[in-house]
Amino acid sequence: MAKIIDGKAVSGQIRDEVKEKIEALRREGKEVTLAVVQVGSDPASCVYVNNKKKACAYVGIKSLAYELPEETTEEELLALIDKLNRMEECNGILVQLPLPVHIDEDKVIDAISPDKDVDGFHQSNTGALCIGRPGFLPCTPAGIVELLRRSGVELAGRNCVVVGRSNIVGKPVALLLLRENATVTIAHSKTENLKALCRQADILVVAVGKPKMINREYIKEGAVVVDVGIHRNEAGKLCGDVDFADVEERCSAITPVPGGVGPMTIAMLMKNCMLAVCGKGREAGR
Ligand code: GUN
């Protein structure tokens, strides 16, 4: 039977550590403030944004909510970001993705000051990650590596296969695993013999966005499986990119959905906000 890697418990530890540090900052007269910007009312985004606001309240971060209508123009959004970049009180800026199709996401991400980019999406921060310089780390990839580290999973020298090459998860998590001295392969929709490749993985990270795509045929006996996907089926039940029931017997450890990677993302966001105020945002990668 596989060990269940408990992201809820580990993220709870991180939140409590961040809470303590934020209390210490407050004693020095420093407040932490995060601007959370949402355009439109995509139901999944509403849930994520709400969870982020709740986490802020728990750790003692002030959140400034900007809920903008779907029809907001790119210009209006860029003007808000410019205002937040200049606002001294605001330490972190988070623009929830996806944005409506009439807004260029890259332009918006580029407009956020790299020093307030607590999502770690700005090219200055992604570039820093790529070449091993200090910068904000993207929250889901950083959460995955922290979850593995705190669960006692050795990464150095191990074979890691990442399935998925998105800018938000696949590419950055591969870079972070590489930084931990793992041997890393990135697989994607055009990869040939995906099953055989995945079966070589000591650690398999799946971020493909397809419900239950990965079954036991993709798993090496004793592998550690990290499931980044989250989907809701017709009955309203949550599941991941991995068919949990099918692979559970075969792997040594697995992250569940829900309660695996998801809560880690928010915990790492809280950590980035705290680091932004310490003036250590640019060292967050160390
Ligand atoms: N949409 C899905 N994941 C994320 C995330 O980590 N940050 C933001 N801003 N939007 C997202």
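The values are calculated or read from the model by the stated rules, or taken from the named source; none is laboratory data. Keep in mind that what you see is a predicted model, and the values were worked out from it rather than measured. So basically every Cβ, Gly included, is an ideal-geometry build from the backbone, and we count neighbours across all protein chains shown. The accessibility values were calculated without ligands, DNA or RNA, using every heavy atom of the protein model including side chains. Shrake-Rupley method; radii C 1.70, N 1.55, O 1.52, S 1.80 Å.
Quick look at the values:
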{"item": "In segment 154-177, the residues that are outside any loop (DSSP other than H, G, I, E, B) and surrounded by fewer than 17 Cβ atoms within 10 Å (Cβ to Cβ)", "result": "159"}
{"item": "Helices (runs of 4 or more DSSP H) within segment 24-143 that include 2 or more residues within 11 Å of the ligand (Cβ to nearest atom) and over 21 Å from residue 279 (Cβ atoms)", "result": "43-59, 105-111"}
{"item": "Only listed residue being more than 24 Å from residue 11 (Cα to Cα), open to solvent by less than 50 Å² (accessible area, probe 1.4 Å) and in a helix (DSSP H, G or I), chosen from 267, 196, 276", "result": "196"}
{"item": "Selection status of residue 259, modelled with pLDDT under 95, open to solvent by less than 50 Å² (accessible area, probe 1.4 Å) and assigned to a loop (DSSP other than H, G, I, E, B)", "result": "no"}
{"item": "Count of segment 210-244 residues which are among the acidic types (Asp, Glu) and surrounded by 15 or more Cβ atoms within 10 Å (Cβ to Cβ)", "result": "3"}
{"item": "Filtered residues of segment 70-126 (kept if of a type in the set (Ser, Thr, Tyr) and either within 18 Å of residue 142 (Cα to Cα) or within 21 Å of the chain's Cα centre (by Cα) (or both))", "result": "113, 124, 126"}
{"item": "Selected residue [within 23 Å of residue 239 (Cβ to Cβ) and within 22 Å of the chain's Cα centre (by Cα)] from 214, 219", "result": "214"}
{"item": "Within segment 96-135, tally of residues that are farther than 24 Å from residue 65 by Cβ and buried (at least 20 other Cβ atoms within 10 Å of the Cβ)", "result": "4"}
{"item": "Output for segment 12-34, where each listed residue is out of contact with any Leu (no Cβ under 8 Å at 6 or more places or on another chain) and closer than 26 Å to residue 140 by Cβ", "result": "12, 13, 14, 15, 16, 17, 18, 19, 20, 21, 22, 25"}
{"item": "Boolean, residue 207 is open to solvent by less than 50 Å² (accessible area, probe 1.4 Å) and farther than 28 Å from residue 258 by Cβ", "result": "no"}
